[in-house]
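The values are calculated or read from the model by the stated rules, or taken from the named source; none is laboratory data. This structure is a prediction, so every number in the text was calculated from the model and none was measured. Ideal geometry is used to build each Cβ from the backbone, glycine not excepted, and the neighbour counts take in all protein chains shown.
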Amino acid sequence: MLENKILIGVGAVLLLGMMSIFTVGQTERAIKFRLGQIQKVDYEPGLQFKLPFINNIKKFDARIQTMDSNPERFLTLEKKNVIVDSFVKWRIGDLRKFYTVVSGDIDQANLRLDPIIKNAFRDEFGKRNIRQLVSTDRQAIRDILIKSSKPLAAELGMEIIDVRLKRIDLPEEVSSSVFRRMEAERERVAREFRSQGSEAAEKIRADADRQRVVTLANAFRDAEKTRGEGDAKSAEIYANAYGADSEFFTFVRSMNAYKKTFSGSGGMMVLDPDSDFFKYFKNQGSGK
């Protein structure tokens, strides 16, 4: 009997010891309650102690949560609808407030956070037109959205880590109108470029024609000058040759004339046999 009582006592001590010990993981945050009242929050990770029966522990996920909202329509400055797809990264900030306001429920926290983010989007998009939304750096919009939503999220015990725009789309009716305006603008720019190109082409063509005329005129001038110099040199050579041996020069000229005259066929030439043209034929025939 004594041994049974000892075993029962040891078992009770072990049971009470196990009920007095709890652990907090690296990805957890914990609240200690005493008879339903919050006694302590934000335990350090590791082994912790509590009084059994009157104290109980509730743990919460301390990791970053993602609220992926459904695409929502927002009005821009020019009253055009845009469809925005976004998500929010958040985590528990003030654990006591988080439990008090949303009962520590992640889904309930997302439901409370969703209208806060949408209102921030609505206010920010209402200050910009579509062109600004497309061309503005999304990092700047992100910073503004985080700054405007952080104080309201803090009232829920939540800390906003990031707000991201995944996509900004236009409704079909708006897209068609925007695309038509963009097409007209691109056409206008293209016409302007074509006009500038045509003007530049005409200038280049006119300059090329002018240079062509100048080049041909200079070439013709140089050719005529060279031809004149050649004719003068030829005349000088002929004159010098004739002055050196007029009889031989006359003979060579006559031989060239015979060659040109009698090389053709089918022609007829009537000349006086006593003309100077047959001078050297006569000498050859007489044996001189």
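Criterion first (under 29 Å from Glu28 (Cβ atoms) and β-branched (Val, Ile, Thr)) does Ile160 satisfy it? So Ile160 passes the test. When Val88 is tested against (1) surrounded by fewer than 17 Cβ atoms within 10 Å (Cβ to Cβ); (2) of a type outside the set (Gly, Ala, Ser); (3) in contact (Cβ under 8 Å) with a residue 12 or more places away in the chain, only condition (1) is not met. Scanning the range 99-141 for residues that are farther than 30 Å from Ile57 by Cα, of a type outside the set (Val, Ile, Thr) and either buried (at least 18 other Cβ atoms within 10 Å of the Cβ) or in the same structural domain as Arg29 (by TED's automatic domain parsing) (or both) yields Ala120, Phe121, Phe125, Leu133. Every condition in (1) assigned to a strand (DSSP E or B); (2) over 30 Å from Lys80 (Cβ atoms); (3) among the hydrophobic types (A, V, I, L, M, F, W, C) is met by Ala200 except one, and the failing one is (1).
When Phe193, Phe251 are checked against the criterion of being of a type outside the set (D, E, K, R), modelled with pLDDT under 90 and part of a helix (DSSP H, G or I), Phe251 stands alone in meeting it. I need the full set of residues from the range 36-52 which are surrounded by 15 or more Cβ atoms within 10 Å (Cβ to Cβ) and either in the same structural domain as Gly93 (by TED's automatic domain parsing) or touching a residue at least 40 places away in the same chain (Cβ under 8 Å) (or both), in order please. Across the range 36-52, the qualifying residue is only Val41.
Put simply, of Val189, Val163, Val134 the only residue that is within 35 Å of the chain's Cα centre (by Cα) and closer than 30 Å to Tyr99 by Cβ is Val163.
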